[in-house]
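One structure is given below, encoded as structure tokens.
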Amino acid sequence: MEKDVGFRIRLQRELREKFLAACHAEDKSAAQVIREFMREYVSKRRPSTESPAQQSPENRDRGNL
């Protein structure tokens, strides 16, 4: 998969330091962990053609955003 864009965010220094330490403890880069989170987040919120009764309770409660 080709990477063609960047993503810049602002956050508190303490949160960044704790996040980087957690990533290091798992021998993963911060970018790798963020990409994993983003993929999971998007897959859980992908619009579905299922009726509300067929959707998971998590998606029903969120209005299937």
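The values are calculated or read from the model by the stated rules, or taken from the named source; none is laboratory data. What you see is a predicted model; the values in this text were computed from it and never measured. For neighbour counting, all protein chains shown are included, and Cβ atoms are generated from backbone atoms with ideal geometry for every residue, glycine included.
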Practice problem: Give just the number: which of (1) assigned to a loop (DSSP other than H, G, I, E, B); (2) of a type in the set (D, E, K, R); (3) surrounded by 11 or more Cβ atoms within 10 Å (Cβ to Cβ) does Glu2 not satisfy? | Solution: (3)
Exercise. Take region 15-61 and flag every residue that is surrounded by 10 or more Cβ atoms within 10 Å (Cβ to Cβ), modelled with pLDDT under 95 and over 16 Å from the mean Cα position of the chain (by Cα).
Key: Ser48, Glu50, Pro52, Gln54, Gln55, Ser56, Arg60
